[in-house]
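Quick notes on the structure that follows.
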Amino acid sequence: MQSIKTVLTIAISSILTLGCAHITPAFNNAYNKNNHDLKPASIAPSAPFQANWSSLKKYTTPTWFQDAKLGIFIHWGPYVVPKYLGPFYGYHMYREEVVDIKGNPNPNRENKVYKHHIENYGGTEKFGYKDFIPKFTGQNFNAKKWLDLFERAGAKYIVPVAEHCDGFAMYNSTQTQWNAVNMGPKKDIVGELFAEARKRDMKVGMSSHYAYGWYWWGYKEGTDTVDPAYEDFYGKPHKITDKHSPEHIQNWYKRTKDMMTQYQPDLLWFDLGFSNPEYETHRKTLIAEYYNQAASNNQGVVLNYKNISYKPIPDGAAVLDVESGKLDRIREMPWQTDMSLGGWRWSYNNDWVTMPAKKLIGDLLDVVSKNGSLLLNVAPDVNGDISDDQVDVLMQLGDWLKINGEGIYNTRPFAVFGQGPTNAKMVLHGNLHDKGYTAQDVRYTQKGNHIYAFMLDWPTETKQLTLKALGNEMRIINDNIQSVSLMGYEKNIEWRQTKHGLKITLPTTRPVKHAIGFKIKLAKPPSGIL
C-alpha cells in the first residue's frame, strides 16, 4: 500500500496532547453542515467520459456508497473443494518450492500445498486443478438464504467473487466455457445472487481477479497445465516473471466487459494485476465504458482498485480499496477495505477461525470514522453452507447495528476520527497484526447536528468517559450540546461539558454488548452563515 493521498495542514497542539486524531481541513467543523455530503455526489457519473485520466477524474463517488458503510464479499469457487489453504491452492499445487510472484523461491519454507496434493490426490500428474470443478457442486447453495443472512447482518451491498485467479467464472460467461453454468454447480451463481439482492434494493457488485491469474499456474511438465487441450483454461505456458501478454490482457478486457454489460453491476472490484502498467490503455478504456454505461442507466457506480506495487488510477477517478488493512487518518475521498471473517483465510477450509464480533465491530468503527467502508468477506463451504460460527458473528453484528446503526449508516467523519492509544498502521495486511482496542479508544462520526462517539471497550476501573474533542475551549464544535444519550440504554445519563472535554458518567453495569455508542445532539447552527 503506498501513495495514499491525505492532506493534513492543520495541527492543534492541545488536541494532540489530549490524544485526539489529527484534523483534516476538509472535515474541520464539518458537523455544522446540514447537508452531510462533504463532496458532491451524483446519482450517476457525469458522462460522457473519455479514456483519459483528465476526463475520468470528473467521476464522483455515488451517495449510496458513502452511506452504505458495510458490504459482504463472498469467496466461493472450486478452490473450496480441497478444504486446504484457500484460493491460493491452485497457485502452490504445481510448484515444488514456495515461490513469490517475482519468481523468487523461499528455500526456508516447505510447500505444504504441494505435499498435501500428493498425499490426498496422488500429485498433479494424476489430478489437476480442473479436476476439482466436477466436485464443486454446491448442492446446498440458496441465494435467498444467503441474502437473508447478509441483510440481517446489516450489509447494504454484496460483492460475490465473479472469477478468481483460477479463471473459473461464477457467472454465465460468454467468453469461456469454464463457468458455473456449464460445470460444477451448473447454475448462474452471480446471477441468482444479483436477482435476490435487487429484490431487496441492495446494491450488487462483482470482483475480478483474472488479471492476477497470469502468475497462477506453475506449468509443470507432465501436468494438465501444459496440455494444449486445456489451454483455454490455464492459458499458454509462460514464466512467472514474464510481462502479462497482450492476449492475457485482451482476455481480461473481454471477460470484464462481458460481466459489465450482462449484469450491469453497481460495483466492480479489481485485484492486483489490473494495476500493472501493461493494462494502462485497456484500464482507461474499460473504466470509461463502465462509467458511460452507468450514466446511460442513471446508475451510480463504484470501481475499486488496489494501490500496492503500482498506482494504477489517479486519486478521485475511482475508489481506493486497501487490502486487508486500515488507514491511520481521515481520507478526504471515500475508500474501502476488504477484510475476511477468517483473518488471512479467504475461503472456507479445515483450519478456518472466525473473527470475534468485538474485533469486527471495532474495525468497522475505525474504518467508518476515517471515511471508509468495510467489505467483509464471508466464506461458504464446498456445499454452499455458511458455517455456524460465521452466522453467529454476523448475527451479533446485525444486533449491534440495530441499536447503533444510526451512528454508522449515512454518516460522515467528524473533525477528528477519534482518541486513545490505538491506531492503525498503514501496512499491507495490517488487520492481521492488530492487537485489539481498549476502553480508552473512541471513534467519532457525525450526521447533521448529531455527533456519535463510540467507546470500543468497557472500562474495568473508571466509570467516567471524557470525549476530549468536545471540550468547550477546543473550538472544534461551536454550537451548544443539547443532549447526550447512550444508544440502547433507556435511562438518562449524567454529563457535563468542561474545557477539557465532554465528561460522561457511565452506567454501573455494561448496558449493551460490544462498542458503546453515545449520541450527542448539538443546537443547530445560526442560519445564513454557512
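The values are calculated or read from the model by the stated rules, or taken from the named source; none is laboratory data. Just so it is clear, the structure is predicted and the values come from calculations on it, not from any experiment. Here the Cβ positions follow ideal geometry from the backbone for every residue, glycine too, while neighbour counts run over all protein chains shown.
Numerical summary
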| read-out | value |
| --- | --- |
| From the options 325, 342, residue that is within 18 Å of the chain's Cα centre (by Cα), at pLDDT below 95 and over 24 Å from residue 488 (Cα atoms) | 325 |
| Residue list for the stretch 220-247, filter: of a type in the set (A, V, I, L, M) and over 32 Å from the mean Cα position of the chain (by Cα) | 226, 229 |
| Test: residue 259 is over 30 Å from residue 442 (Cβ atoms), buried (at least 19 other Cβ atoms within 10 Å of the Cβ) and in contact (Cβ under 8 Å) with a residue 40 or more places away in the chain | yes |
| Whichever residue in the stretch 348-403 is assigned to a helix (DSSP H, G or I) and acidic (Asp, Glu) and, among such residues, is farthest from residue 456 (Cα to Cα) | 388 |
| Extreme residue, surrounded by the fewest Cβ atoms within 10 Å (Cβ to Cβ), among residues of the stretch 297-336 that are small (Gly, Ala, Ser), in contact with a Lys or Arg (Cβ under 9 Å, 6 or more places away or on another chain) and farther than 23 Å from residue 257 by Cβ | 316 |
| Breaking point among (1) crowded, with 20+ Cβ neighbours inside 10 Å; (2) farther than 30 Å from residue 227 by Cβ, for residue 138 | (2) |
| Check on residue 466, of a type in the set (S, T, N, Q) and in contact with a Ser or Thr (Cβ under 8 Å, 6 or more places away or on another chain) | no |
| Some residue of the stretch 352-365 being surrounded by 23 or more Cβ atoms within 10 Å (Cβ to Cβ) and touching a Lys or Arg at 6+ places or on another chain (Cβ under 6 Å) | yes |
| Residue 451 vs. criteria surrounded by 15 or more Cβ atoms within 10 Å (Cβ to Cβ) and of a type in the set (Val, Ile, Thr) | yes |
| Exclusive hit being at pLDDT 95 or above and surrounded by fewer than 17 Cβ atoms within 10 Å (Cβ to Cβ), set 102, 144 | 144 |
| Residue count, the stretch 492-530 (criterion: of a type in the set (Ser, Thr, Tyr) and either surrounded by 12 or more Cβ atoms within 10 Å (Cβ to Cβ) or over 18 Å from residue 455 (Cβ atoms) (or both)) | 3 |
| Residue match in the stretch 379-391 (condition: touching a Pro at 6+ places or on another chain (Cβ under 6 Å), within 30 Å of residue 351 (Cβ to Cβ) and either of a type in the set (Ser, Thr, Tyr) or modelled with pLDDT of 95 or more (or both)) | yes |
| Residue in the stretch 9-18 that is part of a helix (DSSP H, G or I), at pLDDT 50 or above and over 28 Å from residue 410 (Cα atoms) present | no |
| Which numbered condition residue 161 misses (of (1) touching a residue at least 24 places away in the same chain (Cβ under 8 Å); (2) assigned to a loop (DSSP other than H, G, I, E, B); (3) hydrophobic (A, V, I, L, M, F, W, C)) | (2) |
| Those residues of the stretch 203-233 which are more than 30 Å from residue 66 (Cβ to Cβ) and either of a type in the set (Val, Ile, Thr) or without any contact (Cβ under 8 Å) to a residue 40 or more places away in the chain (or both), in sequence order | 221, 223, 225, 226, 227, 228, 229, 231 |
| Residue that is farthest from residue 328 (Cα to Cα), among those in the stretch 456-475 that are out of contact with any Lys or Arg (no Cβ under 9 Å at 6 or more places or on another chain) and at pLDDT 95 or above | 470 |
| All positions within the stretch 343-377 that are without any contact (Cβ under 8 Å) to a residue 40 or more places away in the chain and among the charged types (D, E, K, R) | 351 |
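The rows are residues; the columns are (1) basic (Lys, Arg); (2) out of contact with any Asp or Glu (no Cβ under 9 Å at 6 or more places or on another chain).
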| residue | (1), (2) |
| --- | --- |
| 425 | yes, no |
| 457 | no, no |
| 460 | no, yes |
| 465 | no, yes |
| 487 | no, no |
| 490 | no, yes |
| 505 | no, no |
